[in-house]
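Heads up: the structure comes next, in structure tokens.
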Amino acid sequence: MPESSGDLFEIIATTRSMRRLKPDPVPPELIRKILEAGTAAPSGGNMQRWRFLVVTDPNVKQAVGTYYKRAWDEVVYPRYSAGDPAPGTSPERFRRMLDAAQYLADHIHEAPVWILPCMAGATPSRTAGSSIYPAVQNMLLAARALGLGATLTTLYLTFEKEVESALGLPADVHSYALLPIGYPIGPFGPVRRVPLAEVVYRDRWGQQYPP
């Protein structure tokens with residue numbers, strides 16, 4: 001079983017996107033812990049309007065996975081493969097990331113558990129997102145702490161209406177992400193990011209943050 005961790009900063013520093021997942025079943029009690037971590041997150045006014053759809057049905061995953069694969073093949077892969085590597089990433093490392101993303105597109109339906117965070121509201125917005133994405137990050141960190149791999153993906157939203165129909169969502173409920181969860185193929189972290197000096201300013205935009 002992959003190594004779990006109890007140190008918060010180690011968890012943060014090693015919670016990278018795990019796109020290669022084993023199809024082995026995940027104990028329900030671990031998924032419950034992940035969901036409890038999600039519901040411990042803050043939300044606007046503490047209204048807790050989030051809802052979480054846990055998907056294990058192979059037929060549902062196959063149907064949604066078909067749209068995910070189409071989004072990757074037709075839209076996302078052409079854009080990424082024609083562009084520059086992500087900041088702070090070498091071409092070789094970027095290629096490995098694309099290979100992992102390709103694997104996910106080919107095998108996402110095999111991930112044993114999906115969690116889709118949802119909220120009601122006709123038009124998803126940044127304000128609404130502020131009340132759902134903290135829960136998503138909590139769940140990603142909880143998965144890492146339990147030795148489970150996961151990633152946040154929104155590729156399927158290219159076919160939002162078709163996917164939400166396959167998931168049986170009411171007309172006024174929208175999903176904000178898909179988290180495939182399972183035991184990882186390969187080790188965790190560390191994450192690789194650009195230095196703070198390249199992304200942090202002080203007091204005014206463009207004013208250097210002290211080292």
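The values are calculated or read from the model by the stated rules, or taken from the named source; none is laboratory data. All of these numbers come straight from a predicted model, not from anything done at the bench. Quick reminder, even Gly has a Cβ in these numbers, built from the backbone with ideal geometry, and neighbours come from all protein chains shown.
Going by what's in this entry, would ALA111 be described as closer than 18 Å to GLU162 by Cα and under 16 Å from the mean Cα position of the chain (by Cα)?
Working: closer than 18 Å to GLU162 by Cα: no; under 16 Å from the mean Cα position of the chain (by Cα): yes.
Considered against the rule, which asks whether it is closer than 18 Å to GLU162 by Cα and under 16 Å from the mean Cα position of the chain (by Cα), ALA111 comes out as no.
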Test set (1) within 17 Å of the chain's Cα centre (by Cα); (2) crowded, with 16+ Cβ neighbours inside 10 Å; (3) closer than 22 Å to GLY149 by Cα - VAL60 fails condition number: (1)
Any hit, the stretch 121-133, residues being within 17 Å of VAL54 (Cβ to Cβ) and of a type outside the set (Val, Ile, Thr): no
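When the residues of the stretch 29-57 are narrowed to those that are of a type in the set (Gly, Ala, Ser) and closer than 19 Å to ALA150 by Cα, which ends up surrounded by the most Cβ atoms within 10 Å (Cβ to Cβ)? Steps first, please.
Narrowing the stretch 29-57 to residues of a type in the set (Gly, Ala, Ser): 37-38, 40-41, 43-45.
In the following step, the residues that additionally are closer than 19 Å to ALA150 by Cα were identified as 37-38, 40-41.
Working: ALA37: 19, GLY38: 22, ALA40: 12, ALA41: 18.
Checking each candidate, the answer is GLY38.
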Candidate set: the stretch 75-91, residues that are surrounded by 11 or more Cβ atoms within 10 Å (Cβ to Cβ) and either at pLDDT 90 or above or of a type in the set (Lys, Arg) (or both); chosen: the one farthest from LEU155 (Cα to Cα): PRO78
Matching residues, the stretch 38-60, being part of a loop (DSSP other than H, G, I, E, B), free of Cβ contacts under 8 Å to residues at least 12 places away in the same chain and within 13 Å of ALA135 (Cα to Cα): GLN48
The one condition in (1) at pLDDT 90 or above; (2) more than 23 Å from the chain's Cα centre (by Cα) that PRO211 fails to fulfil: (1)
Residues (over 13 Å from GLY182 (Cα atoms), at pLDDT 95 or above and basic (Lys, Arg)) located in the stretch 1-58: ARG32, LYS33, ARG51
Among (1) over 15 Å from LEU116 (Cβ atoms); (2) of a type in the set (D, E, K, R); (3) in contact (Cβ under 8 Å) with a residue 12 or more places away in the chain, the one test that GLU160 misses: (1)
Selection status of LEU140, in contact with a strand residue (DSSP E or B) (Cβ under 7 Å, 6 or more places away or on another chain), at pLDDT 95 or above and within 16 Å of LYS33 (Cα to Cα): yes
Test: residue in the stretch 94-117 that is part of a loop (DSSP other than H, G, I, E, B) and either free of Cβ contacts under 8 Å to residues at least 60 places away in the same chain or surrounded by fewer than 17 Cβ atoms within 10 Å (Cβ to Cβ) (or both): no
